[in-house]
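Just below is one structure, and these are the notes that go with it.
Read-outs throughout are calculated quantities, based only on the coordinates presented, and are distinct from any laboratory measurement. Predicted, not measured: the structure shown is a model, and the values here were computed from it. So basically every Cβ, Gly included, is an ideal-geometry build from the backbone, and we count neighbours across all protein chains shown.
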Amino acid sequence: MQGLRDKKCVPCNLKELRPMTEDAAHTLMPQVSEWNLVKEDGIFKLKRTWKVKTFTKGLEFFKIVADLAESEGHHPDLHLVGWNNVTIEIWTHAVGGLTENDFILAAKIDKLNVNDLLRRKPSD
């Protein structure tokens, strides 16, 4: 079975692309276990938050994610809140819900080398 990280996002304008069911989303969640499945305004999304060292490290983080997103042709919502809280929301706007593309992008974001931008946890 091909893992999400090994797949490529498909164009969002494909007529057969439809939002997945909640059950289908739950079957993929173990592959992106750091992400949360949330429902906002009736739309399922993937959401994850990080704490970065500084405001500029947050911007660097976004640049790395933006480069990946551009290469996949699939673009997340990026939020930098309160100088060091980075949140990413992923969902397929074109279909109004989640598709496999969202899980592919989340899995690839998880693989990015951004540890030098993140704050250390007190237990580290």
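Odds and ends about this structure:
- The chain: most fluctuating residue of Asp110, Asp77, Asp23 per GNM, C-alpha cutoff 10 Å: Asp23
- Degrees, to the nearest 10: 100-111 long Cα axis against longest axis of the chain: 20
- Eligible aspartates and glutamates near Lys7 by straight Cα distance, threshold 16 Å, same-chain separation 8 or greater: Glu70, Glu72, Glu100, Asp102, Asp110
- Note on Rg and Dmax of the Cα atoms in Å: of the candidates [x] 13.7, 43; [y] 26.5, 85; [z] 14.6, 48, the value calculated from this structure sits at [z].
- This model, with +1 at the C-beta of Lys and Arg and -1 at the C-beta of Asp and Glu, gives the chain a dipole about its Cα centre of some 400 debye.
- Helix 55-72 axis, angle to the chain major axis (alpha carbon atoms, nearest 10°): 30
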